Amino acid sequence: MADPKPEVPVKTGAVDSHCHLFLIDGDPAVVVERARTSGVDRIVCVGVDPETSARSLELAESLEGVFATAGMHPHDAASFDRSEGARIEELLGAPLVIGVGECGLDFFRMRSPREDQIRCLEAHIALSNECGKPMVVHVRDAWPDVLRVLDEGSAERVVIHCFSGDAEVARECAARGYWISFAGNITYPKNEHLRQAARSVNLEHILVETDSPFLSPQAVRGSDNEPANVIATIDAVASARGTSFENVVAATSDNARSLFAGLRKWKTAPNTRSSSRLHRGLRV
């Protein structure tokens, strides 16, 4: 679905709405600077358990333009208990923690039992509803169940991270008001279903991400991914939709800033540290 009348792009940098800086080899500061040089000025570092969520917050506190999320990946859902939930809830109190997750359902690898994954996802929905921060949801081979659980929990602000469904699923997610985030695998030749999905919904529902260090775009496939490469994802979405790169970078950046309120409220001072509860950010 082409955009017939592209709007004048907003002068803003791109947003990598999902990466894992703590898994990337090398100095995170250097990785972030490469992203900034490439035109990416906001990076969301996504935690997958309490430990990596805390590490994501540390990175957000020390690197300008980096923000964090806190949650438990479905692979580790079997270990999610009241203590783990309390640790995640505490992290969600920090202004630089702007989302709940990564959480969700993965019935492909099944590293945690189905019932534990559903229980963990339900807890994250409750956390999101309580704190008002959006959910970052992982889905593999579990579309009917994840959509049912999100609906039953009255989840409202939902990002379907690294979208893997087809156009029909994309339209269903958009109809529910969810955001659909495309990663580097949209550039793979075999993934025409993802390109069809990208053109099947309004641009206002689309985000872009790297999921780095995973899912490097086709041009650099085989090497570790990093936030700078979100530019290739934006280019692929633009090509699929028959619109300009500038239109997609402006729209997806605006979408991310609208969804993750912290992206437009906070700027961190480089090489500074503070407590989660008393973070001293500079408002912009």
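The values are calculated or read from the model by the stated rules, or taken from the named source; none is laboratory data. Only a predicted model underlies this, so the values are computations on that prediction, with no experimental measurement involved. No Cβ is skipped: glycine too gets one built from the backbone with ideal geometry, and neighbour counts run over all protein chains shown. Remember, those area values only see protein heavy atoms, side chains included, never the ligands or the DNA or RNA. Shrake-Rupley method; radii C 1.70, N 1.55, O 1.52, S 1.80 Å.
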- line: Taking the range 186-220 and keeping only residues that are small (Gly, Ala, Ser) and open to solvent by 50 Å² or more (accessible area, probe 1.4 Å), one is left with ALA219
query: For the range 132-158, what are the residues that are of a type in the set (Gly, Ala, Ser) and either in contact with a strand residue (DSSP E or B) (Cβ under 9 Å, 6 or more places away or on another chain) or within 19 Å of ARG171 (Cβ to Cβ) (or both)?
result: ALA142, ALA155
- prompt: Which numbered condition trips up SER200, out of (1) small (Gly, Ala, Ser); (2) within 18 Å of SER239 (Cα to Cα); (3) out of contact with any helix residue (DSSP H, G or I) (no Cβ under 9 Å at 6 or more places or on another chain)?
  reply: (3)
- prompt: In the set LEU59, LEU63, LEU96, which member is touching a Pro at 6+ places or on another chain (Cβ under 7 Å), modelled with pLDDT of 95 or more, of a type outside the set (D, E, K, R) and open to solvent by less than 10 Å² (accessible area, probe 1.4 Å)?
  reply: LEU59
field: Unmet criterion (only one of (1) in contact (Cβ under 8 Å) with a residue 24 or more places away in the chain; (2) in a helix (DSSP H, G or I); (3) among the polar types (S, T, N, Q)) for THR243
entry: (2)
field: Pick from the range 99-114, criterion among the charged types (D, E, K, R) and in contact with a strand residue (DSSP E or B) (Cβ under 9 Å, 6 or more places away or on another chain), ranking: surrounded by the fewest Cβ atoms within 10 Å (Cβ to Cβ)
entry: ARG109
- request: Of the numbered conditions (1) more than 18 Å from the chain's Cα centre (by Cα); (2) open to solvent by 10 Å² or more (accessible area, probe 1.4 Å); (3) within 12 Å of ASP49 (Cβ to Cβ), LEU91 fails exactly one; give the number of that condition.
  value: (1)
- request: Could you tell me whether GLU172 is more than 18 Å from ALA251 (Cα to Cα) and either more than 16 Å from the chain's Cα centre (by Cα) or of a type in the set (A, V, I, L, M, F, W, C) (or both)?
  value: yes
- request: Give just the number: which of (1) under 29 Å from ARG241 (Cα atoms); (2) over 19 Å from the mean Cα position of the chain (by Cα); (3) aliphatic (A, V, I, L, M) does VAL149 not satisfy?
  value: (1)
message: Tally up the residues in the range 18-56 that are assigned to a helix (DSSP H, G or I) and open to solvent by 20 Å² or more (accessible area, probe 1.4 Å), please.
response: 13
- prompt: Does the range 99-110 include one or more residues that are free of Cβ contacts under 8 Å to residues at least 40 places away in the same chain and on the phi > 0 side of the Ramachandran plot?
  reply: yes
